[in-house]
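Worksheet: the structure to be examined is printed underneath.
The values are calculated or read from the model by the stated rules, or taken from the named source; none is laboratory data. Keep in mind that what you see is a predicted model, and the values were worked out from it rather than measured. All Cβ positions, even for glycine, are placed from backbone atoms using ideal geometry, and neighbour counts span all protein chains on display. Quick note on the areas: whole protein, heavy atoms, side chains included, nothing else; ligands and nucleic acids left out. Shrake-Rupley method; radii C 1.70, N 1.55, O 1.52, S 1.80 Å.
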Amino acid sequence: WLVVPSLPLRGLLPWHQGKRQLLGVSKLCLLWKMDFAATAVGSQLLLSPAVPPLTILCGPLEPKCSPGSLSAQSLCQILEASVNIGSRSLDVQLDPLLGTLHPQICAPADPSVPLTVKNHTEVLRCFTVLACSFPDRVLAFLLPKLESSNERTRVGTLLIMRQIINSAPSQMEIKKPFILSSMKLPLQDSNNKVKRAVVQVISAMAHHGYLEQPGGEAMLEFLVRQCALPSEPVSPLDADDLASDSVRSISVNTLFLLSTTVDRMNNVSLFVTPIQFTNALTPLCKSLMYLATKKLFFILFFFFPFLFVANLPSPYALTTRLLVVSSQPYAGECRGAAALRLLGVLHYSIHPALDLLWNKKVPLLVEHNTESSLCQKEWEEELLLFLQETLAAVSDNTWICHFVTEMCRQLNSYNGFVLEKNFLYKCIGTTLGACASKDLVQKHLQELLETARYHEEAEREGLASCFGICAINHLEETLAKLEDFVRSDVFKKSVGLFSIFKDRSDNEVEKIKSTLILCYGYVAVYAPKELVLSRIEADILKNIFQYFNTKVLGIKVETKDLTLKLCLIRSICMISQAIYNGVKCGDFIFSRKAELVAQMVEFIKAEPLEAMRTPVRQRAMITCTYLVILEPHLSDPDRTELMDTCLAGVLALPPLEPGREREESSDMLYGDTISALKDLLKSLLQRNLTPHGLQDMFAHLGPWIKSNKEHERQRAVEVSAALLDFYLSKLNVSTVIPFYNLGVLIALFSPRCSDSLASVRQHAVDCVYCLLYIQLCYEGFARDHRDEMVEGLKALKKGLEEPDFTVLFHTCNNIVIGKRVPPDQLMSLLLAMFEGLADPDKNCSRAATVMINSLLKERGGVLQEKVPDIMSIIHSKLEEVDEEHIRKAAQQTVYILASQHKSVVVSSLLGSALPFDSHTCAMWRSLATEPALTSQILEQLLEKVNRDVPYKESKGFLLGSGAERIATPLPLAATCALYEIMSAPESGAAVLGLYPPLFVTLLLRVSCTVGVQLPKNLQSRERRSSSHGLAPRSLHPCSPWRPSLLRTGPEGVGLADPEGLFRPEGFGDSVTLGSAMARHAGPRLPLIVKNLIPTLSSVFDSQRITSTAFLAELLSSNVVNDLMLLETVMDNMTGRQKDACTLVRMLALRGLGNIASGSPEKVRKHGAKLLASMVNGMDDKDDPHNLVALEAMSSLSKLLDHVEERDIQSMLLHIAIRIRPFFDSEQPDLRQSSIMLFGNLSRFSEGNCEVFFEQILNGLVTLLLHLQDPKPEVVKACKFALRMCGPSMGCEGLCDMFLNHLREERSLHYGEFMNNVCKHLVSSRPGPWHRRCPRGSGQGPAPARPPRPRAQVCPQPPLELRAGVLPGDIPTLGARTPPPGLLGIKHRTARANKKKISLWFAKGGW
């Protein structure tokens, strides 16, 4: 090449064309090694027309080619050499060269490949070389590329622009306006990569003075705008995309870099006040703080503002902006704290007088809070105090006027920034309060009222707070401006019918009214109390209600607008707070207090109960909390209505459903409302912090605590726990006084310790805990005293977490500490506990029973006088509650009381109405649980049965009616009680232990009920029950006692016919209880007899009858002899023969006769005595119905088989004569018994044959005639007597005929039998028989006649004999009819009948 320069270069072209790939890798490397390339000759040669274009040489500078950086470096050196020699050859190849190099920059370099990065840098150097020589053409090529739609093209172009701005400053100096104008489009690009490239370009521009040119503010604004991007990182949609957070981070760093490296960055302050750059305040403040360290700029800025840009913010604007931003110190990367720091370094620039104050206060404010401990309200108060001190330190009215004007100007820029704008309102109010110009104050207040955005809640709140703070120093001006505004056009109504307001809508006017009402509330809170108290009722409340109540056609219409309601409630609340906090609060009488409370109550009532949608309840209760503290006191009706309304309005709300999604605000509203209710009740309690006040409070809470709805109970008990804790904390006992309602309150909460809800159980324990400590305080203990037993309740709370009711009841058993309850409150505690038996929560009702029984076991011994009341309550609760566990627990309670106070319990139960209902019966049966106690109860009942008379006699009210026997109540009730106790299976042991007295008492009690009527009141009750179709226990005196009598003995004792024993006339006809007892209860008979014998002397006939009947039946059993009771019972039976009662005498004879069947061997021993008793019985003169004689004859018949013959011989004739008249008795029993006895006596006629034969002859006719008696038993007795008398008649034929024809099983042909009897009588011994026949009138015996034929009809008997014949009484006997008079029916007298019958025989009737 050096020798022939053109040859090798020209030879490169075909080589290049044929071996493009090899050339692309090595050709520029070869050229780089040619030293002549650095010479003018080499450059001329390379750029000569004979050499291929440089676009071909640099075309394959692909980033992926490893030698690419070498070729790019070689190209850069060629271009530099060409520029250095001033060659004109580049003019031709510039455009193609730019077009070839530009894509190399637009293609992103791979950072992981160092050679591609180096190649990228070398290509940028090429652009630098070209821009230095051809700035116009390079810019003309690049700037249109900024409008390309291709992202890489725009980004690559911006990179080249940054390169040439940094590396060719002199060439670009005159191009600055052109370059700035061409950046407008990239400033609007939304692509993040483009934005980052633009930021880099702006950084380069700033260092070269571009930002000071016209249009430079746009560059800086773009940079600040990128700093204001949201700080939250957003994941890019594509991996190649760039996140906005990365752009923001680069922008923030660039801004601070420029602030620290570029002079005259004072225009950064332009972006502090615009609201759209709020998110960029943190880096802006950081940059400005660095600039502030230079001091010079800010000092000159304050004293010579005309030296700087005219649109820079004023000190008032900066102070306002930074102060407002400081109200949110930790928002937006702590921009508030950064603003406060910046404000601290600007103190001298704001005003020289602030140097000392701000140097002291600002650092304290910066360090005042951390983000976690920040209280927004307290922080704003600190800032407002700082502002107030600042205004006081400035003490320049002109400066303050400019300051407040700037604040008002910035007000509208904060629309959308609720908290900041609200704080700015407060700052305006504070600044207006420090302003001395009243006209300016009124002017700005007017502007605020006219420009406020009333439809926004925060705006209304802020404006009202502004007026309130302003009223601290300008009360009159503030009130006057509010009244003037009301009279302005805003409230003028249209006269049109269909248009309410001309200028504003209905809704907006309501919002304006709401704001004005709220303004009055804030004015009352902030204004000096010595000035505002006199204006509250005269001006403030008057205007408030004027705005709230709208009149239509003269009628007051209450608004339905929610905002207006809430503002009215808040305003009244603030007025109440102002009065309460006033210096003269104690002397101020708020006359409209009751009216305002009533208004709040109406608001609460108007709220729907199905859901909580608004904070009306909460705010109304907060208002009432402050109202009730003021004077005068609420009346009792108003106080009651307030509490009931608030409790119903909150506790009855449905629970928040945990399964459904709900807003956090709903949970917060519920919680705030419950808290408001607690505060209100505490405020009411504070007015009467006494036991009476506490009792009154829980009188209203009680029904909610016992509600059947879980959420109502949960809220009520939670509120109760808060109230009791408040009461304990506020309690200050100066003298020891009784806490009289401790028992009632403990009874209210202690059962809740087993509630089905765990939260209720926990709060209930807290309530009991507080109550016990309140009691200790009233007893004189210090408030910080800790009692070991009470502190133990906290340990029990863990056990209440278990849902197992057994664990819960065991825990509850330990909660009721009976020793802590004073003795005088035990009864009130029990009464309240009994109310808990009807608790809708079964766990609580069970717990109440556990606690009642536990308390009675521990302290029941001192409650003797209250036992009747307790028993009555138990009975009433059993009527109310129909639960098995309640009944069992109540029975256990009765048992516990009875174990301590037996007599009182028994007397109380005996006082229950008869007949006992099922609950009273259950209470009686509960006394059968424990044998020892049951025995004692039974003894008391027996004593009450035996002590009183069983009945009383009273005269009937009708004339001629006999006396009535009315049962006495006490024995009747005691017997019913015995029945109930003995019907319980558990009473078996006790009943057996008292078997003899029980048996005797019940037996005698039964006897006393025969013929006895119920008391009149019980008779009417029984009739009413039957008329209503009810089936109560029988009220008949006998009905309950009969089963009792049958149950008292061992198994098997009973009556075959128990009714027979209780009939007055049936003592002799029944198989009585005595025989059953003799068979099954022999070992118990001695004691029974011992207890029964004294009753034989009872004054009551019925008792003597029953005792005699029982003992008589015992004598029929051999067990009496075995138990050696025979002589005792027999002697008592013998002694009863003198008894005044006929039945007793009769039963005594029966008993003596029963010895024949029970102990026949003893009859011979006592035969004479027994026979004498029988004879005496037959001789009884006071026996009109012959009952005693009848029994004597029956018993004698039984005894005759066992007596000695010598004993009967002496009285045989007497007995025969005595019983002879009974043969013709009208009573079949007498006829039968007397005839049977006559037959039995005939066995003893051998020793006294003639005497007894005479008696046989005297009774023969009667015996023969009674063979036709209508009563079979009499016929049977006659047959027996004739058979027995036959051997004694001396006629063998007649005796045989009696034995053959008078057998019991054989029928008898009466007519033929009588003819044969007469034949035998006449043929055997005519003498005696004829003497037995009566003669005619004064004549001798009639002559004998031969027998007449059978066909002859017997002459008719006398007419008077036929008078009493009844049809069918006499059967036909052959052709003859016996005289009907012989049948013993309707005889006139026995003697007259015998004479007529004998006469009839004498005339030959047979």
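Among residues of the range 1131-1142 that are within 14 Å of Asp1180 (Cα to Cα), those with a beta-carbon under 8 Å from a residue that is open to solvent by 40 Å² or more (accessible area, probe 1.4 Å) and of a type in the set (S, T, N, Q) at least six positions away or on a different chain give the pairs Gln1137/Asn1176. Taken over the range 394-412, residues that are in contact with a His (Cβ under 8 Å, 6 or more places away or on another chain), assigned to a helix (DSSP H, G or I) and not β-branched (Val, Ile, Thr) amount to 2. Of all the numbered requirements in (1) in a helix (DSSP H, G or I); (2) among the β-branched types (Val, Ile, Thr); (3) open to solvent by 10 Å² or more (accessible area, probe 1.4 Å), Val949 misses one, and that requirement is (1). Just one residue in the set His444, His368, His402 is open to solvent by 50 Å² or more (accessible area, probe 1.4 Å), more than 29 Å from Cys334 (Cβ to Cβ) and not basic (Lys, Arg); that residue is His402. Checking each residue in the range 1183-1223 for being within 19 Å of Cys1278 (Cα to Cα) and free of Cβ contacts under 8 Å to residues at least 40 places away in the same chain picks out Ala1216, Ile1217, Arg1220, Phe1222.
Please go through the range 252-293 and pick out each residue that is among the polar types (S, T, N, Q) and out of contact with any Asp or Glu (no Cβ under 9 Å at 6 or more places or on another chain).
Correct list: Asn253, Thr254, Ser259, Thr260, Thr261, Asn266, Ser269, Thr273, Gln276, Ser287, Thr293.
Checking the stated criteria, Asp1180 turns out to be outside any helix (DSSP H, G or I), over 25 Å from Leu1260 (Cβ atoms) and charged (D, E, K, R). Got at least one residue in the range 1180-1198 being hydroxyl-bearing (Ser, Thr, Tyr) and either farther than 21 Å from Leu1114 by Cβ or within 60 Å of the chain's Cα centre (by Cα) (or both)? Within the range 1180-1198, none of the residues are hydroxyl-bearing (Ser, Thr, Tyr) and either farther than 21 Å from Leu1114 by Cβ or within 60 Å of the chain's Cα centre (by Cα) (or both). For Arg1243, the test of being open to solvent by 40 Å² or more (accessible area, probe 1.4 Å) and either in contact with a helix residue (DSSP H, G or I) (Cβ under 8 Å, 6 or more places away or on another chain) or modelled with pLDDT of 85 or more (or both) is passed.
Summed over the range 709-736, residues that are in a loop (DSSP other than H, G, I, E, B) and either in contact with a helix residue (DSSP H, G or I) (Cβ under 6 Å, 6 or more places away or on another chain) or at positive phi (or both) total 2. Residue-level check: of (1) touching a helix residue (DSSP H, G or I) at 6+ places or on another chain (Cβ under 7 Å); (2) within 29 Å of Lys709 (Cβ to Cβ), Arg859 misses just (2).
Please specify each residue of the range 1227-1277 satisfying the condition of being touching a residue at least 12 places away in the same chain (Cβ under 8 Å), in contact with a His (Cβ under 9 Å, 6 or more places away or on another chain) and under 29 Å from Asn1315 (Cβ atoms). Of everything in the range 1227-1277, those that are touching a residue at least 12 places away in the same chain (Cβ under 8 Å), in contact with a His (Cβ under 9 Å, 6 or more places away or on another chain) and under 29 Å from Asn1315 (Cβ atoms) turn out to be Arg1231, Ile1235, Val1274, Ala1277.
Take the conditions in a helix (DSSP H, G or I), surrounded by fewer than 16 Cβ atoms within 10 Å (Cβ to Cβ) and out of contact with any helix residue (DSSP H, G or I) (no Cβ under 7 Å at 6 or more places or on another chain) and apply them to Ser876. Does it pass?
For Ser876, the condition - in a helix (DSSP H, G or I), surrounded by fewer than 16 Cβ atoms within 10 Å (Cβ to Cβ) and out of contact with any helix residue (DSSP H, G or I) (no Cβ under 7 Å at 6 or more places or on another chain) - is met.
Contact map, the range 480-491: first residue open to solvent by 30 Å² or more (accessible area, probe 1.4 Å), second residue among the charged types (D, E, K, R) and at pLDDT below 75, Cβ cut-off under 8 Å, separation 6 or more or different chains; pairs are Asp489/Asp503. Restricting Leu288, Leu281, Leu270 to those that are under 14 Å from Ala338 (Cα atoms), out of contact with any Ser or Thr (no Cβ under 9 Å at 6 or more places or on another chain) and part of a helix (DSSP H, G or I) reduces the list to Leu281. For the range 631-644, a tally of residues being surrounded by fewer than 18 Cβ atoms within 10 Å (Cβ to Cβ) and out of contact with any strand residue (DSSP E or B) (no Cβ under 8 Å at 6 or more places or on another chain) returns 8. Would a scan of the range 1012-1022 turn up a residue that is buried (at least 23 other Cβ atoms within 10 Å of the Cβ) and in contact with a helix residue (DSSP H, G or I) (Cβ under 7 Å, 6 or more places away or on another chain)? For the range 1012-1022, residues buried (at least 23 other Cβ atoms within 10 Å of the Cβ) and in contact with a helix residue (DSSP H, G or I) (Cβ under 7 Å, 6 or more places away or on another chain): absent. Pairs are defined by a Cβ separation below 8 Å, a sequence spacing of at least 6 or placement on different chains, a first member in the range 522-536 that is charged (D, E, K, R), and a second member that is at pLDDT 85 or above and in a helix (DSSP H, G or I); the pairs so defined are Lys529/Ala578; Arg535/Leu475; Arg535/Leu479. If you go through the range 333-349 and keep only what is in a helix (DSSP H, G or I) and either closer than 25 Å to Leu229 by Cα or modelled with pLDDT of 85 or more (or both), you end up with Arg335, Gly336, Ala337, Ala338, Ala339, Leu340, Arg341, Leu342, Leu343. Candidates in the range 1000-1038 are the residues that are in contact with a Lys or Arg (Cβ under 8 Å, 6 or more places away or on another chain) and closer than 22 Å to Arg925 by Cβ; of these, the one that is modelled with the lowest pLDDT is Leu1035. Remark: pairs (first residue in the range 1166-1182, of a type in the set (Val, Ile, Thr) and at pLDDT 85 or above; second residue part of a helix (DSSP H, G or I) and buried (at least 16 other Cβ atoms within 10 Å of the Cβ); Cβ separation under 9 Å; 6+ apart in sequence or on different chains) = Val1175/Ala1192; Val1175/Leu1196; Val1175/Ile1215; Val1175/Arg1218.
Residue-by-condition table, conditions (1) surrounded by fewer than 21 Cβ atoms within 10 Å (Cβ to Cβ); (2) among the basic types (Lys, Arg); (3) assigned to a loop (DSSP other than H, G, I, E, B):
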site	(1), (2), (3)
Ala620	no, no, no
Glu657	yes, no, yes
Asp667	yes, no, no
Gly671	yes, no, no
Ser675	yes, no, no
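Give the number of residues within the range 413-469 that are of a type outside the set (S, T, N, Q), closer than 22 Å to Val532 by Cα and assigned to a loop (DSSP other than H, G, I, E, B). Residues in the range 413-469 being of a type outside the set (S, T, N, Q), closer than 22 Å to Val532 by Cα and assigned to a loop (DSSP other than H, G, I, E, B): 2 in total.
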